[in-house]
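What follows is calculated from the coordinates using simple rules that are stated; it is not laboratory data. Treat the numbers as computed from the prediction; the structure is a model and nothing was measured. For neighbour counting, all protein chains shown are included, and Cβ atoms are generated from backbone atoms with ideal geometry for every residue, glycine included.
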Amino acid sequence: MQYFTEKLTTSLSQDATLTGYVMDNSLEIDSQRLRPAVIVCPGGGYRFTSDKEAEPIALKMNSFGCQSFVLRYSCAPAQYPTALFELATAVKFVRQRAAKFHVDTQKIVVLGFSAGGHLAANLATKWDHPELTEAGFVPAEIKPNALALGYPVITSGAFAHEDSFKALLGEKMTEESLNQVSLEKQVTEQTPPAFIWTIDDDATVPVENSLLYVRALKKVGISCELHIFAHGVHGMSLATKETAPLDRPEQISGLVAVWPELFAHWLEEIFKRN
């Protein structure tokens, strides 16, 4: 296992880090194996990056045969598009070192939770956008091949998680900038396929965020899989004792905890087809 933390530098920041959980190949099993890579974006309302959506998720992805990376991106007072540039840099970093990390360059997934889901979906919708290309990013280097979202922040409209957008935009928050980061409006035919799970009675980030994104994907013919669990709370992560704070037993749910296996099956199927 290669375990490392790399500092990522962009034109807007020097604060992001990418931690890798990279399995070595075995001469006995398959010395040439190439694996999918999953880059994890923890949530935290663009104010911090949550531990419970970081290493535990990476290790779970390892258990499915994926190489895992956790991006600790810049949060407030850093403003948009700082974190977007950092995630683009993280995808580029993994793709450029694919041979070292035993990664299939056409199987790079960004997986985000809550505000980290907004960040992941932002790159998924804008990897070929002038906002990034004019900053020097090459689309082929930063394109995610698939997207996975857990209870994501998506819309800046009626169902917005307003605190996330206040932290993301700060004094730059205008009607125009809010539209720019309302991601159901940014989906194109070049947006990668998505796996999304959320909670029907999420009182923090309404389920409509996921529904709006799915509708936008279907409108342009992009494949997606959506799971809406009937009951739970926001920020459940793995929905097990491993990720539930001691004072938040309601974040443990055997019903919700099936989502990683559903994701693993989806990932295998989507890469088999594409």
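Note that segment 1-104 shows a convex hull volume over its alpha carbon atoms of 84 Å³ per residue.
Taking 0.36 nm per residue of separation and subtracting the Cα-Cα distance, what length does fully extending Glu162 through Leu59 add?
34.0 nm
In plain terms, the residue of Glu189, Glu184 with the fewest other Cβ atoms within 10 Å comes first and the most crowded comes last, giving Glu189, Glu184. The spacing between segment 48-72 and segment 205-250, judged by their C-alpha centroids, is 17 Å. Distance between the pseudo-spin-label points of Val138 and Glu171 (7 Å out from Cα toward the beta carbon): 3.8 nm.
Using just its DSSP H runs of length 4 or more, each adding -39500 (n - 2.57), the chain gives a mean residue ellipticity at 222 nm of -9000 deg cm²/dmol after division by all residues. If only the Cβ of Lys and Arg carry +1 and only the Cβ of Asp and Glu carry -1, the dipole of the chain around its Cα centre is close to 580 debye.
Which of the listed residues, Ala99, Tyr73, Ser50, is farthest toward the dipole's positive end in segment 43-101, when Lys, Arg count +1 and Asp, Glu count -1 at the beta-carbon? In segment 43-101, that residue is Ala99. If you bin all the Cα-Cα distances of segment 166-268 at 10 Å, starting from zero, the percentages per bin are 14, 34, 34, 17, 1. Using the Stokes-Einstein relation with a Kirkwood hydrodynamic radius computed over Cα pairs, the translational diffusion coefficient of the chain at 37 °C and a viscosity of 0.692 mPa s comes to 178 µm²/s. In summary, segment 75-157 shows an alpha-carbon radius of gyration equal to 1.08 times the 2.2 N^0.38 Å reference for compact globular proteins.
For the set Lys7/Lys143; Lys7/Lys272; Lys143/Lys219; Lys218/Lys272; Lys7/Lys218; Lys92/Lys272, the pairs lying more than 31 angstrom apart at their alpha carbons are Lys7/Lys272; Lys7/Lys218. Can you give the % of DSSP beta bridges in the chain that are antiparallel, to the nearest 5? Roughly 35 percent of the DSSP beta bridges within the chain come out antiparallel. Each 10 Å bin from 0 upward holds the following percent of the Cα-Cα pairs of segment 1-44: 21, 40, 26, 12, 1.
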